[in-house]
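**Q** So that we are looking at the same thing, I have put the structure below in structure tokens.
The values are calculated or read from the model by the stated rules, or taken from the named source; none is laboratory data. None of these values were measured; they are calculated from a predicted model. Cβ coordinates were reconstructed from backbone atoms using ideal geometry, including for glycine residues, and neighbour counts include every protein chain displayed. For the accessible areas, the whole protein counts, side chains as well, though only heavy atoms, and no ligand, DNA or RNA atoms are used. Shrake-Rupley method; radii C 1.70, N 1.55, O 1.52, S 1.80 Å.
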Amino acid sequence: MADMEKAYTLIVFFLLLRLSFILCSFPEATCFWRINHNENLESNMRKDCGFILFTIPVHLVEDHFRVLLDFPLPVNTYPYVLVMLFAIEEINKNPNLLPNSTLGFTFLGDQCDITSTDLNNLNMLSKSGEMNPNYICEYSFCDVALTGPTWTVSARVGTLLQLFKIPQVMLSVTYGPFHDSLSDRDLFPHLYQIAPKDTSLVLAMVSLMIHFLWKWVGLVILDDDQGVQFLSDMKEEVKTNEICLAFVNMIPANMQLYIERAETYYFQIMTSSANVVIIYGNVNSTLEVSFRRWEMLGIWRLWITTSQWDVISRSRDFTIDSFHGTLSLSHHYQEISTFKHFIQKTNFSAYPEAVSLVRLGWIYLNCSVSVCECKTLNHCLSNTILELLPWHSFDMAMNDERYNIYNAVYAVAHAFHNMRLQQVDIKVLESWEGLIPRCMQVNDFLKNVRLINPIGDPVNINQGRNLDAMYDIFNVLNFPQGYVLKVKVGQFSPYFAHDQQLFLSEDMIEWATGSRQFSTSVCSMPCHPGFKKSHQEGKADCCFDCSRCPANEISNTTDSEECVKCPEDWYADTEQTHCLPKAVTFLAYEDPLGMALVCLALCFSVLTALVLGVFLKHRETPIVKANNRTLSYILLTALIFCFLCSLLFVGNPNTTTCILQQTTFGILFTVSVSTVLAKTLTVVLAFRITLPGRRMRGLMVSRIPKYIIPICTVVQIILYGIWLWTSPPFVDIDTHSEHGCITITCSKGSVMAFYCVLGYLGSLALVSFTVAFLARNLPDTFNEAKFLTFSMLVFCSVWITFLPVYHSSKGKVMVAVEVFSILASSMGLLGCIFIPKCYIILLRPDRNSIQKFRDKTQMNQ
């Protein structure tokens, strides 16, 4: 087993070296590794660590306070101690800061651990009196307590210092996250917070949601004053940006209450469709207990949280835990390059736990380190100073809390320095009572400290003048056996324009799914352009259905609330995302439909003219002379103009053509139908009227038809006169009939007048049809009553069919229907009345003879 463990460790080591080469190829050193190795649950919980800072008016050796590393400190407190040592030694090396003095520190409580220390019996100094010579207490005129990172412990320390009025330690600075409760000057008059206030944290988190289009997120917070304030700010910000909270888990700080509601919280997060969850609150609380339970139960979400939460993963198996892919927000600070050198030069041979390859505690790897310096594996392993890679059993990556320790030490040092500048002739105070007003003077200097630390970042201990924090965004990748890679992927700055505050390198982010494609978190899929949102009753605004925009309305953005109607002369495209200008159209000569109708009209008019020519040529034949040839000439001429009047309906209409369309059509068809009626009456009168004397009968037969045509035409003209006087036809622009087109047509003006004209024509046709039908069997050689009957039947059928078809048509098709009806009805008259006669005249001339008919009659007798 020992050989296998050793082999496994060597494999891991080589993999880490190989990975270091890959990481060093990045253009910017923004990554570091750490390995978390923990033995039990207690070591998983972070420890609060307290220090006491003081000055000594003598110059001590540079590494005097490193003896504190020899104490068996809790593993998780070593990072704080190392940062404290680094800052103390850096200040003591600076000849311009506290000259001829030494800034020192010791532990507050039991071996720096103030988490488990009984603060009511707080021992101000370390139990090790050997490392604290008497002159430390003798010459220290005011000490400052440095506590954190948990705000509750800092509050207890501040309360005790105020309550017991301990003269030597009257001031306290906390390096944990900023908490509003600690800013109460009445409760904590001498407690200060070095951490910047998270005034832009909510805005930074919401900016991430906006960038990745996360509209449906969960929120898990600790139920305390700060959590309630965070919830209030978050609700206001998400409402402004149309983001919805899928659920809000407010974890009670009381463990008993949490245990009672734990199942409810678990069910809520498991059943929610939100893939992104925000965690906000203190670690080492019921909130962390809740998260660890979810982690154990295998809940995978994309977590968005602060930097204090990126160290909670403690997985030691060979699976990737649920914290993998988390986005962590940390206060922005510059890299402290000298700190890396300090760690590499620190000898940890006195560390109480054996450092071996099997139990490597942590790695601090900066990509700028040249791995090539390690020539052989044996050399790297045998170097106890670890100049290339320091190995320990704790996480030593610089984070917010450790950076706050660094700034807090500098702030206290500057307060002491400013105090000494004004009090050069300091006399040793022999009474404890004399220390109290001296600490009040230090307090005045401390609360007004403003400085630029050695790496160029501003430090301001006065919360009233704190600047808005900038945030670095890290992608936390947890690998098996506790290996964690934390990569800087972006930055948020509230000082830039709103659309430039967030910068992200998306190609560097690896999500919880293990892919490079970002996760989605929405209650409903986005409504694409051309659709609008239809909100679901009783659900959040982010839960909706997508419905297509109504006709001629568009939406050109995602998740449109309403569709926009296109202007009258514009139309919506097929996707309903843009309005396009409508094309102007009419029944043009160039259109296939218009061209076909024009050709038919011309052909039929030419055909009618040919028939007229045939009748004129054979005007003396019996078949032409029968039934009044003059009426035949009139009818054929009227039909020619009926065919030609249809041309008025083709082309770009204007007011003149619109008026001529209806008047010529109505008058010409009135002449045609009245002529047919006259011919029909001629047949009837010739056989049915019995009056004494042939002369009287011939007179009636010859004169009555002559009056029918003008009388009927005059009546139609009167109707047209009324029509044109009241509401004449006009040019109409139709924007609705055809999609994407503006159709120019002639409006009838008065629809009632139009139907009166058609009704009058229909009445004439019906009378002609009735009379012709009654006279169809009258004995005569060339009786055309049957032909007249069929012609009127065709005429009435065409115009009866015209009405429903005309009303069901739109645009230029409606015009084409009217033209076709004119051509069809005219052709019906021509074909039924004259084509049979032309057949006899041209092809059967033998039948066009009275003598032939008489011979046939005699033979039959």
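**Q** Which far-off residues, 5 or more places away or on another chain, put their amide H under 5 Å from the one on residue 223, with H placed in the peptide plane?
**A** Amide H to amide H, under 5 Å and 5 or more residues apart or across chains, residue 223 pairs with 251, 253.
**Q** Work through the residues other than residue 152 whose Cβ is under 11 Å from its Cβ and net out their charges, Lys, Arg +1 and Asp, Glu -1.
**A** Every neighbour counted, the sum reads -1.
**Q** Right, another one. Please say if segment 626-686 is rounded, prolate or oblate, where rounded means a/c under 1.5 for a ≥ b ≥ c the square roots of the C-alpha gyration tensor eigenvalues, and otherwise the choice is prolate for a/b larger than b/c and oblate otherwise?
**A** Prolate.
**Q** Separate question: In nm, give the distance between the simple-model label positions of residue 596 and residue 183, each being 7 Å from the Cα along the Cα-to-Cβ direction.
**A** 8.1
**Q** With each pseudo-label sitting 7 Å past Cα toward Cβ, what's the residue 248-residue 422 distance in nm, one decimal?
**A** Each label point lies 7 Å from its Cα, and together they span 4.6 nm.
**Q** Please list 3J(HN,Hα) in residue order for segment 663-677, calculated via the Karplus relation 6.51 cos²θ - 1.76 cosθ + 1.60 where θ = phi - 60°; whole Hz, with x for glycine and proline.
**A** For segment 663-677, the Karplus-derived couplings read 5, 5, 4, x, 5, 5, 6, 5, 4, 5, 5, 5, 5, 4, 5 Hz, x marking Gly and Pro.
**Q** Heavy-atom accessible area per residue, segment 612-678, 1.4 Å probe: how many Å²?
**A** In whole numbers, segment 612-678 has 34 Å² accessible per residue.
**Q** Check which residues have an amide H placed less than 5 Å from residue 742's amide H, if you skip close sequence neighbours.
**A** Hits under the 5 Å cutoff: 583, 584, 585.
**Q** In nm, give the distance between the simple-model label positions of residue 588 and residue 450, each being 7 Å from the Cα along the Cα-to-Cβ direction.
**A** Each label point lies 7 Å from its Cα, and together they span 7.5 nm.
**Q** Convert each backbone phi in segment 534-548 into a coupling constant with the Karplus relation 6.51 cos²θ - 1.76 cosθ + 1.60 (shift: θ = phi - 60°), then list the ³J(HN,Hα) values in order as whole Hz, x for Gly and Pro.
**A** Those phi angles translate into 10, 5, 8, 5, x, 10, 5, 4, 7, 9, 7, 9, 9, 10, 5 Hz.
**Q** In addition: Within segment 536-683, count lysine pairs with alpha carbon atoms under 23 angstrom apart where the residues are 8 or more positions apart or belong to different chains.
**A** Number of lysine pairs found: 4.
**Q** Could you provide, to the nearest whole Å², the per residue accessible area of segment 176-330 with probe 1.4 Å?
**A** I get 38 Å² per residue for segment 176-330.
**Q** Of all accessible surface on segment 638-687 at a 1.4 Å probe, what whole percent is carbon and sulfur?
**A** Reported share for carbon and sulfur atoms: 76 percent.
**Q** By how many nm would the segment from residue 237 to residue 561 lengthen if fully extended, with 0.36 nm per residue of separation less the alpha-carbon distance?
**A** The span from residue 237 to residue 561 would gain 114.7 nm if fully extended.
**Q** All other residues with a Cβ under 14 Å from the Cβ of residue 218 taken together, and with Lys, Arg as +1 and Asp, Glu as -1, what is their net charge?
**A** Local net charge: +3.
**Q** Taking amide hydrogens as modeled 1.01 Å from N in the peptide plane, which residues meet the under 5 Å criterion relative to residue 146, leaving out close sequence neighbours?
**A** Amide H to amide H, under 5 Å and 5 or more residues apart or across chains, residue 146 pairs with 51, 52, 53, 173.
**Q** Which ³J(HN,Hα) values, rounded to whole Hz and listed in residue order, are derived for segment 567-580 from phi using the Karplus coefficients 6.51, -1.76 and 1.60 in 6.51 cos²θ - 1.76 cosθ + 1.60 with θ = phi - 60°, glycine and proline given as x?
**A** Values, residue by residue: x, 4, 9, 10, 9, 7, 6, 5, 7, 6, 10, 9, 9, 10 Hz.
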